[in-house]
Amino acid sequence: YIMEKKACIAMVPSPGLSHLIPLVEFAKELVLQNHNLHVTFLIPTLGSPTPSTKALLNTLPPNMDFTILPQANMPDLPESIETATKMKLIVKNSIPFLHEALKSLTSQTHLIALVFGIFSTDAHYLAKQFNLLSYAFYASGATILSFCLSLPKLDKTTSNEFFSDLIKTVSVPGCVNPFQVKDLPTPVLRERSSETYKSFLDVCQTLSLVDGVIVNTFMDLEPNVIRTLQEKDGPCVYPIGPIIQTKSSREINGSMCMTWLDNQSPNSVLFVSFGSGGTLSHDQLNELAFGLELSGHKFLWVMRAPNKFAGSAYFIGQNVDPLEYLPNGFFDRTKGQGLVVPSWAPQIEVLGHKSIGGFLSHCGWNSTLESVVNGVPMIAWPLFGEQRMNAIILIDELKVAVRPIVDESDIVKREEVANVVKRVMEGEEGLEMRKRMQELSDAAAAALSEHGSSMRALSGLSTEIAKHLSGM
Ligand code: UDP
């Protein structure tokens with residue numbers, strides 16, 4: 001008598017906490033649909049996981065577990081390397097460990113599918129080797145996905161080293177307005193012969209080979225693009241969002257932030273945060289500090305030490321005291337006006353707090369969705385990756401954000417900081433944006449309700465997986 005093996009799905013996140021978070025939440029939803037499933041996370045790493053990552057992994061429910069893969073062996077890389085390129089390289093160099101882990105999973109479980117983050121697409125080839133269903137989890141919007149799926153064709157149409165040599169705008173299938181080339185994801189702005197570009201193109205090419213792409217978005221957020229993707233030839237697209245954490249880890253600066261917010265009046269505080277690892281230059285940091293002060297509005301600022309490279313704290317946290325970099329006397333002058341916390345805040349709880357009236361954000365997709373779910377209007381301050389495209393969706397299509405003007409030396413000056421803060425926190429324009437955000441927030445809740453669009457997409461996916469459960 002052989003005991004039947006447990007049905008299992010392996011999930012390989014792209015490196016970095018902000019990619020793990022939505023994948024974990026998605027796994028929870030999937031397991032709710034299909035109680036017989038077990039999920040194992042196989043986590044590629046560079047160095048030991050950060051405290052926030054460990055905190056997240058240690059709260060997985062009983063039908064999920066994780067294996068932290070041995071540290072990827074990495075060549076010496078320039079500090080300027082693009083975040084996406086580095087992520088992909090970490091995964092590529094973890095493939096032998098992944099192979100081992102999958103071998104052991106297939107011997108212990110009935111392994112059905114591999115779900116991988118967007119920069120873990122190299123895992124697709126392993127999935128096929130092990131005869132598994134292969135799904136990409138796209139932790140960003142459908143608009144960027146549509147751009148990515150169209151990039152291989154666009155690539156073939158040009159022989160120039162830079163796209164910008166030839167064209168100024170790019171049409172994305174399903175979008176009414178074309179995007180400026182300068183606003184495309186950072187890797188696409190590099191020379192086409194560079195590793196950065198080639199690695200990004202490779203991700204985009206692999207995307208059209210998978211059994212399905214699970215996208216963290218919802219119908220009412222990007223209706224035209226989603227419909228276009230679903231009607232086109234190409235991978236099956238499952239818009240199952242917005243999937244966000246229900247609560248963040250409150251271990252870091254948690255009670256300090258919440259107690260401070262409890263003492264502020266409704267909608268009066270601007271939350272300022274650049275994601276899990278975004279950093280500003282020293283000059284920019286200075287201008288932001290003076291600008292917040294000048295605006296006269298209350299602020300809660302998650303601050304990091306400045307760095308030349310915008311994603312510098314992405315894979316490994318900072319171990320310096322960032323507060324040392326603030327202008328002289330800043331604390332004294334803003335006492336009562338603002339709270340500055342180093343490196344991390346419980347963003348979900350913060351955005352859900354009634355005192356928050358606006359969010360100055362780098363427009364990472366998770367932050368974007370979290371702001372949408374909580375109906376908080378935004379100041380869009382994109383830094384890297386696909387954030388400029390996210391910002392444009394928020395500003396031009398959805399009209400729920402304002403974008404500060406950057407001067408000729410690439411800096412947002414203090415007066416402009418104060419100006420955008422006022423636009424969001426005061427007056428008619430701010431009220432309109434908040435109203436539209438609230439409508440989106442309602443639409444998000446509807447998408448996730450029993451017969452909502454995202455739930456239907458999720459149950460469609462679950463049905464596909466179930467077919468393989470019974471060996472059909
Ligand atoms: N986050 C947080 N506290 C912080 C900074 C970030 O809880 O101080 C969380 C945030 O809620 C979001 C994620 O980290 O879920 C950041 O993801 P996003 O896609 O916005 O940006 P990225 O980190 O990829 O640049």
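Here, each number is a calculation from the coordinates, and none is a lab measurement. All values derive from a computational prediction rather than experimental measurement. Positions of Cβ are generated from backbone atoms using ideal geometry, with glycine treated the same way; all protein chains shown enter the neighbour counts.
Only counting other Cβ atoms within 10 Å, I'd like Met455, Met378 sorted with the fewest neighbours first. Could the numbers behind the result be given before it?
Numbers: Met455 17, Met378 26.
Taking fewest neighbouring Cβ atoms as first place, the list is Met455, Met378.
If I stretch the segment between Ile405 and Gln230 completely, what's the gain in nm (0.36 nm per residue apart, minus their alpha carbon distance), one decimal? Show your work: numbers first, answer last.
Working: separation 175, 0.36 × 175 = 63.00 nm, distance 3.60 nm.
Separation in residues times 0.36 nm, less the Cα-Cα distance, equals 59.4 nm.
When the expected Rg is taken as 2.2 N^0.38 Å, what fraction or multiple of it is the alpha-carbon Rg of region 57-118?
Values: Rg = 14.4 Å, N = 62, 2.2 N^0.38 = 10.6 Å.
Working it through for region 57-118, the quotient is 1.37.
For Glu416, Glu428, which order do you get if you count the other beta carbons within 10 Å of each Cβ and list the fewest first? Let's see the in-between values first.
Working: Glu416 16, Glu428 8.
Fewest to most other Cβ atoms nearby, the residues stand as Glu428, Glu416.
With +1 on the Cβ of every Lys and Arg and -1 on the Cβ of every Asp and Glu, and nothing else charged, how large is the dipole of the chain about its Cα centre, in debye rounded to the nearest 20?
Details: 38 positive and 47 negative charges, 140 e Å.
Roughly 680 debye, rounded to the nearest 20.
Helix 17-33 versus the longest principal axis of the chain: what is the Cα-based angle in degrees, 0 to 90, to the nearest 10?
Computed tilt is about 50 degrees.
Using only alpha carbons, build the gyration tensor for region 183-311 and give me the equivalent ellipsoid semi-axes, biggest first, whole Å. Working shown, then result.
Working: eigenvalues 265, 108, 40 Å².
Result for region 183-311: semi-axes of 36, 23, 14 Å.
Suppose we look only past 19 Å in the calculated P(r) of region 67-171. What percent of the Cα-Cα pairs does that tail hold? Before the final figure, lay out each step's value.
Working: 3176 of 5460 pairs.
More than 19 Å apart: 58 percent of the Cα pairs in region 67-171.
For the chain, what is the relative contact order in percent, using Cα pairs closer than 8 Å and at least 6 residues apart in sequence? Show your work: numbers first, answer last.
Details: 893 pairs, mean separation 70.2, N = 472.
After rounding, I find 15 percent.
Residue by residue, what Karplus-based ³J(HN,Hα) values in Hz, rounded to whole numbers, does region 287-302 have, using 6.51, -1.76 and 1.60 with θ = phi - 60° and x for Gly and Pro?
Here the 3J(HN,Hα) series is 4, 4, 4, 5, x, 4, 4, 4, 5, x, 8, 5, 9, 10, 10, 8 Hz.
Among Pro49, Thr228, Thr463, whose Cα lies farthest out toward the positive end of the dipole of the chain, if unit charges sit on the beta carbon of Lys, Arg (+1) and Asp, Glu (-1)?
Thr463
At 37 °C and 0.692 mPa s, grab the translational diffusion coefficient of the chain from Stokes-Einstein with a Kirkwood Rh over Cα pairs, rounded to a whole number in µm² per second. Display every interim value, and only then the final one.
Values: Rh = 22.9 Å.
Reported coefficient: 143 µm²/s.
Work out the length of the dipole vector of region 40-184 about its Cα centre, built from +1 on the beta-carbon of each Lys and Arg and -1 on the beta-carbon of each Asp and Glu, and round it to the nearest 20 debye. Walk me through the numbers before you get to the answer.
Working: 10 positive and 10 negative charges, 58 e Å.
That gives region 40-184 a dipole magnitude of about 280 debye.
What span do the alpha-carbon atoms of region 225-294 cover on each of the three principal axes, reported in whole Å from largest to smallest?
So the extents along the principal axes, rounded to whole Å, are 51, 31, 25.
Find the centroid of the Cα atoms in region 64-115 and in region 262-306, then give the distance between the two in whole Å.
So the two Cα centres are separated by 35 Å.
May I ask you to derive the relative contact order of region 1-142, considering only C-alpha pairs under 8 Å and at least 6 residues apart, and to give it as an integer percent?
Relative contact order of region 1-142: 31 percent.
What is the spread of the Cα atoms of region 1-95 along each of their three principal axes, largest first, in whole Å?
Per principal axis, max minus min of the Cα coordinates gives 54, 29, 19 Å.
Before rounding to the nearest 500, sum -39500 (n - 2.57) across all DSSP H runs of length at least 4 in the chain and divide by the residue total; then give [θ] at 222 nm in deg cm²/dmol.
On the way: 18 runs with 194 residues, N = 472.
Taking each H run of at least 4 residues, the total per residue is -12500 deg cm²/dmol.
Quick one: putting +1 on the C-beta of Lys and Arg, -1 on the C-beta of Asp and Glu, what dipole do you get for region 314-459 around its Cα centre, in Debye to the nearest 20?
Numbers: 14 positive and 20 negative charges, 51 e Å.
Taking the Cα centre of region 314-459 as origin, the dipole is about 240 debye.
Under the definition of Cα pairs under 8 Å and six or more residues apart, what whole-number percent is the relative contact order of region 377-472?
Values: 71 pairs, mean separation 20.6, N = 96.
The value is 21 percent.
Just to be sure I understand the curve: with the Debye formula and one point per C-alpha of region 388-472, what is log10 I(q)/I(0) at q = 0.12, 0.13, 0.15 Å⁻¹?
At q = 0.12, 0.13, 0.15 Å⁻¹ the computed log10 ratios are -0.58, -0.64, -0.73.
Compute the helix-to-body angle for 414-425: its Cα long axis versus the longest principal axis of the chain, expressed 0 to 90° and rounded to tens.
70 degrees
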